[in-house]
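Asks: Have a look at this one before I ask anything.
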Amino acid sequence: MATALKDLYGSGPEQFDQLQLADGYRPSETEEFMCAEQRAYFLRKLKDWKESIVEESRATMAQLQVDSLREPDIADRASSETDWSIELRTRDRQRKLIAKIDAAIRRLYDGEYGYCEVTGDPISLARLEARPIATMTLEAQEKHERIERVSRDD
């Protein structure tokens, strides 16, 4: 697919890393779906999101190294351990989110980003704006969740 992008846009997918967007640019339904500007916009959005998660994780890890569990009071220690546990679970969820962001970036470079993995239809720009890692149209996602719910109930 990357070759297809090169054929369409005249250079490799790295072009989307370099493309300068106008201040305040937002993808529009009037543009060709997943044109170079939209790809660059979503690439920047995904990379910024990942960067903020990684930075937040670094700050958490630094704080965990500074803090200690040497509270003399057992209740205070238990409270601190609970807080750390919650923080570490949050970081684990964010680690999984980073994997999804990386997968979305790969799909973008491969020319598959923005298209439903089930139907092949374009995912609405509003959905991608709200959930940039979306892999299915809203309809396909709802159907998938209904099937999961029924399977879980059995």
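Asks: Please tell me if Tyr113 is within 26 Å of Leu128 (Cβ to Cβ), of a type in the set (Phe, Trp, Tyr) and modelled with pLDDT under 95.
Replies: Answer is no for this residue.
Quick grid of which residues meet (1) at pLDDT 85 or above; (2) under 30 Å from Gly120 (Cβ atoms); (3) in contact with a helix residue (DSSP H, G or I) (Cβ under 8 Å, 6 or more places away or on another chain):
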site	(1), (2), (3)
Leu19	no, yes, yes
Asp23	yes, no, no
Thr30	yes, yes, no
Arg39	yes, yes, yes
Arg93	yes, yes, no
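Asks: Hey, any hits in segment 106-122 for a residue that's in contact with a Lys or Arg (Cβ under 6 Å, 6 or more places away or on another chain) and either without any contact (Cβ under 8 Å) to a residue 40 or more places away in the chain or more than 30 Å from Arg58 (Cβ to Cβ) (or both)?
Replies: no
Asks: May I pose another question? Taking the options Asp48, Asp76, name whichever one is loosely packed, with under 15 Cβ neighbours inside 10 Å and either within 26 Å of Cys35 (Cβ to Cβ) or at pLDDT 90 or above (or both).
Replies: Every option except Asp48 fails the conditions.
Asks: If we only count helices (runs of 4 or more DSSP H) wholly inside segment 55-154, which ones have 1 or more residues that are in contact with a Leu (Cβ under 7 Å, 6 or more places away or on another chain)?
Replies: Result: 74-110, 125-130.
Asks: If you don't mind, another one. Restricting the search to segment 32-45, which residues are surrounded by 13 or more Cβ atoms within 10 Å (Cβ to Cβ) and of a type outside the set (A, V, I, L, M)?
Replies: Correct list: Phe33, Cys35, Glu37, Gln38, Arg39, Tyr41, Phe42, Arg44, Lys45.
Asks: A further question on this structure: If you scan segment 60-72, which residues turn out to be touching a helix residue (DSSP H, G or I) at 6+ places or on another chain (Cβ under 9 Å) and either surrounded by 10 or more Cβ atoms within 10 Å (Cβ to Cβ) or modelled with pLDDT of 75 or more (or both)?
Replies: Residues satisfying the conditions are Thr60, Met61, Gln63, Leu64, Asp67, Leu69, Glu71.
The values are calculated or read from the model by the stated rules, or taken from the named source; none is laboratory data. Model, not experiment: these values are computed from the prediction. Cβ atoms come from the backbone with ideal geometry, glycine included; neighbour counts cover every protein chain shown.
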